[in-house]
Each structure stands twice: as structure tokens, then as C-alpha cells.
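Take a look at the structure set out below.
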Amino acid sequence: MRYETVIGLEVHVELATASKIFCGCSTKFGQEINTQCCPICLGMPGVLPKLNKKVVDYALKAALALNCKINQETKFDRKNYFYPDLPKAYQISQYDKPIGEHGYIDITVDGEVRRIGITRIHMEEDAGKLLHESDPTSSLIDLNRTGVPLIEIVSEPDLRSPEEAREYLMQLRNILKYIDVSDVKMEEGSLRCDANISLRPYGQETFGTKTELKNLNSFKWIAKGIEHEMARQKLLLDSGEKVTQETRRFDVNTQKTVLMRSKEEAHDYRYFPDPDLVTVEISDDWIKEAKASMPELPEKKKIRFMETYQLPEYDAGIITGEKELAQFFEDTAKEFRGEAKVISNWVMGDLMRLLNSENKEISDCAVTAKDMASMLNLIEDGTISGKIAKTVFEEMFLTGKEPKTIIAEKGLVQISDVSELEKIIDEVIGKDIKSVRDFQNGNKKALGFFMGQVMRQSGGKANPKVVNELLAKKLNAFEIKE
Ligand SMILES: [Zn+2]
């Protein structure tokens with residue numbers, strides 16, 4: 001039997017506010033355990049939560065960027081469950097009036113654009129963290145994270161493959177980073193993803209029974225985890241067994257999904273309105289202001305880059321994936337005299353390779369857009385060859401020096417002077433009469449061979465265009481003395 005995969009993602013994103021959602025405690029990551037809590041976030045009896053306006057502002061921006069309809073009257077509810085990382089035994093979340101609903105994002109997979117629906121986006125507080133390392137018989141609790149503001153973004157079950165799920169998450173991350181509401185670092189837990197996965201025979205309308213896969217905490221493991229769960233469900237269905245609705249976890253070490261608990265339904269949580277918090281009213285002006293502060297979003301920028309700079313979709317997608325990288329590209333394009341595709345080749349090639357190998361972001365890169373453009377202009381006007389430019393660029397990346405300085409210091413200027421090049425060519429030709437004969441007998445490969453020799457002799461500095469012309473002329477005219 002062939003099955004269609006149905007995937008919906010639930011994504012939790014920590015908002016980058018300086019303080020928590022209902023108290024003034026700091027949200028700073030990686031601090032000493034239990035140093036960033038107060039009676040409010042510890043849930044002491046009698047304390048009252050006070051809503052951080054910035055959280056609503058960030059959530060509103062996210063909802064608008066994800067094309068959601070805004071609930072202008074939005075309220076908080078208590079989600080009741082008992083777990084040691086939750087001191088109040090309830091989490092303040094949103095139930096029937098989330099801040100945004102009915103949104104979407106467009107993703108492109110294999111050249112095809114698909115619109116993925118967003119069911120809802122709501123605000124809530126994060127729970128604490130259990131630490132199991134110190135003692136095998138007990139757990140410790142760090143409550144620094146308790147009360148850190150989150151938004152949860154729930155997609156429709158519109159995704160059909162692990163690749164689409166990955167692309168959706170990537171797009172979502174890019175958008176949230178663009179609008180500066182979160183640092184979206186999966187490795188620090190500020191972006192966390194759970195997936196609902198089910199299979200159904202092709203052509204069937206109704207959904208199969210789904211399982212929830214928890215904590216897919218890197219882009220690499222998202223696709224892998226989903227693939228393994230798909231395979232497990234297929235095996236069950238093919239052998240006539242049923243998939244049970246449950247929560248599972250992907251184990252990176254065994255590459256299997258393992259059972260955590262049977263799945264809860266919303267009614268298990270006994271949601272009810274939080275009596276300590278009033279309804280939040282979001283005015284038309286507030287929405288207008290949030291819209292006005294919004295930058296150009298990645299998908300729109302991508303299309304503009306394809307039109308303005310004639311970039312292929314692939315290049316435009318990568319470069320606009322990050323706001324700072326897109327800015328770097330545009331600043332370079334302003335000063336570069338050649339075609340924009342040359343810039344995208346360098347950005348996606350040498351620049352990204354060096355950034356990755358040094359584990360750096362474009363924002364802490366020593367090469368400025370101005371220097372990048374002037375280096376590319378030096379290739380364009382023939383001062384340096386493309387090959388030499390790679391050396392120059394590496395040095396720029398390491399030292400932050402201007403390309404002209406590096407070229408002067410290392411004597412890397414391209415040799416275009418005819419008499420100087422002729423001297424090298426004569427020497428190279430004179431050494432290998434056999435290859436000259438080959439050339440004259442019609443073996444054009446011999447030209448490439450001599451070209452390589454001249455480049456080597458000149459330390460890579462010979463201007464290939466000039467050498468090519470001179471070589472052909474010289475080889476044709478060379479008289480072999482028998
Ligand atoms: Zn606190």
C-alpha cells in the first residue's frame with residue numbers, strides 16, 4: 001500500500017524581551033540556576049501576574065507577519081496540568097481567543113510554491129527545566145526559564161513530506177528573525193518544534209490516527225525524525241495493526257522514535273479564563289503601528305531580488321534567507337560595476353564557506369560590502385585574476401584589510417604587460433617542442449597545457465585573456481628547427 005503523509009507542526013518560540021511575561025525577572029539565557037526568579041514566576045500564593053506589553057507587541061508582529069487575522073480582544077487562560085517544572089500547577093496560555101488565527105506562509109519545494117495554513121498563534125509562559133545529570137535517583141529544577149514569554153504557532157495539517165516540514169520551519173525561522181522578535185536559536189531552545197504525523201492511503205479524504213513527535217531540536221533531526229516515524233507507522237498499517245494516538249520522542253542515538261505517553265486531548269487540561277488577568281484590547285492604531293514597523297519580509301524580498309538583480313530563484317532564496325546577508329548583497333551591488341550574479345556566486349561560495357568554517361555570522365564578518373565591491377571591481381577591470389582574488393578574499397576575511405592593501409603587500413597584481421608575458425611564453429614554449437608540434441598538427445589540447453605552464457611560471461598572476469591570445473599567435477608562428 002502507498003500512503004500519503006500528513007504533517008502539522010507546533011512551534012514554540014521564545015520572544016526576545018528583556019524581562020519575563022508576567023514579572024520583571026530577566027530572561028537572559030545561560031545564567032546560574034535559580035537566580036532569575038521571584039515570587040510571581042515561582043507561583044507563590046497571593047501574587048498577581050502583570051502582563052509585559054512588549055510580549056503582546058512582539059506576538060502581534062509575528063501574527064501579522066504570518067498573515068493572521070488578529071483577535072482585537074484577546075485573553076489568557078489557565079492550562080492545568082501537574083509536572084514538577086511548573087510550580088503553579090497551571091500554565092498561563094491562551095485557549096479560545098488567541099492573538100492570531102487563520103494565517104499562512106508560502107514555501108517553495110522543488111520549484112513548486114505551496115501555501116501552508118497557520119491555524120493559530122498564541123502567547124504563553126514557558127515552564128522551568130528539569131536537570132537529571134547530578135544524581136541518578138533524583139531530579140533538580142532550574143526555574144530561570146519559568147515565565148519566559150513564548151508564542152506557539154500551530155500549522156494546519158498541510159505539510160506532505162519531511163522536506164516540506166523542514167522548509168516550512170526554515171521559512172518561519174527566517175520571518176521571525178527578520179522582524180526581530182526572537183533570536184530563534186534551536187540549540188538554545190528559543191525555537192522548539194513538535195510534529196503531528198499520520199499516514200493515509202492515497203486518495204482517502206479522512207486523516208489517519210496521528211502521533212505527536214516531541215522536541216525535534218535541530219534542522220537536521222526534523223526531517224530524520226519524521227522519516228523514522230513515517231516508516232514505523234507504515235510498518236504497523238501494512239501488517240494490519242492500528243496506530244495509537246500517543247506522544248513519542250525521537251532518539252538521536254538509536255535513530256528510533258520511542259513512546260513517551262498516551263496523547264492528551266484539550267479537555268484533559270480543564271482550560272478556564274485566568275481571573276487575575278484582564279482581556280487585552282488591541283486597537284486599530286496599535287495594529288497600524290505594528291504594520292508600519294515591519295521590514296520587507298523574506299519571500300517578498302526574494303521575488304524583488306529575482307526581478308531587480310536577475311538572480312536565479314535558488315540564489316535569491318539563500319541570500320534573502322537572512323536579513324543581514326541580503327543587506328550585504330545589496331550594499332555590494334550598489335558599488336559593483338559588473339553583473340549581480342557575480343556577487344551572489346562569491347557570497348554563496350567563498351563568503352559562506354569561510355563564515356561556516358569559522359562559525360561566524362555575517363554580522364561579525366570583517367569584510368565590508370564596500371571592500372567586497374572593490375575587490376570584485378578589481379577582477380572586473382583585470383587588475384587581479386579570479387584565482388588570485390580567492391587568496392585576496394581569504395586575507396580580507398581574516399584581517400579586515402582593504403583588497404588594494406593586500407594586493408600591494410603581497411605583490412599580487414595581475415601581469416597584463418605584453419612584453420613581460422611574451423618573455424614567459426617564449427621560455428615555456430622553448431622547453432617543449434613536442435607539444436608545439438602537437439599543437440601545429442591540430443591538437444588543440446596543447447594550448448591548454450601551455451596555458452597551465454604560463455600560469456604556473458607567473459605564480460598565477462598572468463592575465464589569462466592576454467596570455468590566451470599571445471599563446472595562440474606564438475604557437476602558430478613558431479618555426480620548429482629540425
Ligand atoms: Zn519573576
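When segment 152-165 is filtered for residues that are β-branched (V, I, T) and either within 16 Å of the ligand (Cβ to nearest atom) or surrounded by fewer than 24 Cβ atoms within 10 Å (Cβ to Cβ) (or both), only V154 remains.
Each residue in segment 359-379 was checked for being in contact (Cβ under 8 Å) with a residue 12 or more places away in the chain and loosely packed, with under 15 Cβ neighbours inside 10 Å, and 4 of them qualify.
The number of residues in segment 1-18 being crowded, with 21+ Cβ neighbours inside 10 Å and assigned to a loop (DSSP other than H, G, I, E, B) comes to 1. Look through L311, L325, L259, L277 and report the one residue that is hydrophobic (A, V, I, L, M, F, W, C), farther than 30 Å from N196 by Cα and outside the structural domain of L376 (by TED's automatic domain parsing). L277 is the lone residue from the list that is hydrophobic (A, V, I, L, M, F, W, C), farther than 30 Å from N196 by Cα and outside the structural domain of L376 (by TED's automatic domain parsing). F219 fulfils the conditions (1) touching a residue at least 60 places away in the same chain (Cβ under 8 Å); (2) touching a Lys or Arg at 6+ places or on another chain (Cβ under 8 Å); (3) aromatic (F, W, Y) except for a single criterion, (1).
Of all helices (runs of 4 or more DSSP H) completely enclosed by segment 340-427, which ones contain at least 1 residues that are over 26 Å from the mean Cα position of the chain (by Cα)? Outline the logic, then answer.
Details: elements: 340-346, 352-357, 369-380, 386-399, 403-410.
Of the helices (runs of 4 or more DSSP H) lying wholly inside segment 340-427, those with at least 1 residues that are over 26 Å from the mean Cα position of the chain (by Cα) span 369-380, 386-399, 403-410.
All conditions but one from (1) out of contact with any Phe, Trp or Tyr (no Cβ under 9 Å at 6 or more places or on another chain); (2) surrounded by 12 or more Cβ atoms within 10 Å (Cβ to Cβ) apply to I480; the one that does not is (2).
Among the strands (runs of 3 or more DSSP E) lying completely within segment 29-134, list those that include at least 1 residues that are crowded, with 19+ Cβ neighbours inside 10 Å and within 16 Å of the ligand (Cβ to nearest atom).
Output list reads 90-93, 112-125.
So, of the residues in segment 160-199 that are in contact with a Phe, Trp or Tyr (Cβ under 6 Å, 6 or more places away or on another chain) and outside any helix (DSSP H, G or I), which turns out to be farthest from G117 (Cα to Cα)? Of everything passing the filter in segment 160-199, V181 is farthest from G117 (Cα to Cα).
Once segment 426-446 is narrowed to residues that are crowded, with 16+ Cβ neighbours inside 10 Å and free of Cβ contacts under 8 Å to residues at least 40 places away in the same chain, the residue that is farthest from K481 (Cα to Cα) is A446.
Among what's in segment 286-314 and is in a helix (DSSP H, G or I) and among the small types (G, A, S), pick the residue that is surrounded by the most Cβ atoms within 10 Å (Cβ to Cβ). Please lay out each step first, then the result.
At the first step, the residues of segment 286-314 found to be in a helix (DSSP H, G or I) are 286-292, 298-308, 313-314.
Retained after the next criterion (residues that are among the small types (G, A, S)): 290, 292.
On the way: A290: 22, A292: 7.
Top of the filtered list is A290.
For the criterion of being out of contact with any Lys or Arg (no Cβ under 9 Å at 6 or more places or on another chain), in a helix (DSSP H, G or I) and either in contact (Cβ under 8 Å) with a residue 40 or more places away in the chain or in the same structural domain as I388 (by TED's automatic domain parsing) (or both), V466 passes.
Checking the structure you have, find out if any residue of segment 2-18 is in contact with a Ser or Thr (Cβ under 8 Å, 6 or more places away or on another chain), within 10 Å of the ligand (Cβ to nearest atom) and within 18 Å of A127 (Cβ to Cβ). No: zero hits.
In summary, strands (runs of 3 or more DSSP E) completely within segment 200-285 and bearing 2 or more residues that are at pLDDT 90 or above and under 30 Å from T74 (Cα atoms) occur at 211-214. For segment 150-159, a residue qualifies if it is in a loop (DSSP other than H, G, I, E, B) and either under 30 Å from L51 (Cβ atoms) or out of contact with any strand residue (DSSP E or B) (no Cβ under 7 Å at 6 or more places or on another chain) (or both), and exactly one does: E156.
For segment 429-472, a residue qualifies if it is among the small types (G, A, S) and over 15 Å from K387 (Cα atoms), and the qualifying residues are G430, S435, G442, A446, G448, A472. A Cβ distance below 7 Å, combined with a sequence gap of six or more or placement on separate chains, defines the contacts here; from segment 137-151, residues that are more than 16 Å from the ligand (Cβ to nearest atom) reach residues that are at pLDDT 95 or above in the pairs I151/V13; I151/L15; I151/A59; I151/A62; I151/I121; I151/H122; I151/M123. Restricting to segment 19-28, and then to whatever is of a type outside the set (V, I, T) and buried (at least 19 other Cβ atoms within 10 Å of the Cβ), can you tell me which residue is farthest from the ligand (Cβ to nearest atom)? Among those residues, the one meeting the criterion is F22. Among the residues examined, N443 qualifies as out of contact with any strand residue (DSSP E or B) (no Cβ under 8 Å at 6 or more places or on another chain) and assigned to a loop (DSSP other than H, G, I, E, B). The number of residues in segment 462-482 that are closer than 15 Å to E420 by Cα and out of contact with any Gly (no Cβ under 8 Å at 6 or more places or on another chain) comes to 9. Every listed requirement among (1) farther than 28 Å from D158 by Cα; (2) free of Cβ contacts under 8 Å to residues at least 12 places away in the same chain; (3) hydrophobic (A, V, I, L, M, F, W, C) is met by V113 save one, (1). Looking at this structure, is N174 among the polar types (S, T, N, Q), assigned by TED's automatic domain parsing to the domain that holds H102 and closer than 29 Å to Y271 by Cβ? Against the criterion (among the polar types (S, T, N, Q), assigned by TED's automatic domain parsing to the domain that holds H102 and closer than 29 Å to Y271 by Cβ), N174 does not qualify.
The values are calculated or read from the model by the stated rules, or taken from the named source; none is laboratory data. Computed from a prediction, not measured in an experiment: that's the story for all the values here. Because the Cβ atoms are built from the backbone with ideal geometry, glycine has one as well, and the counts that use them run over all protein chains shown.
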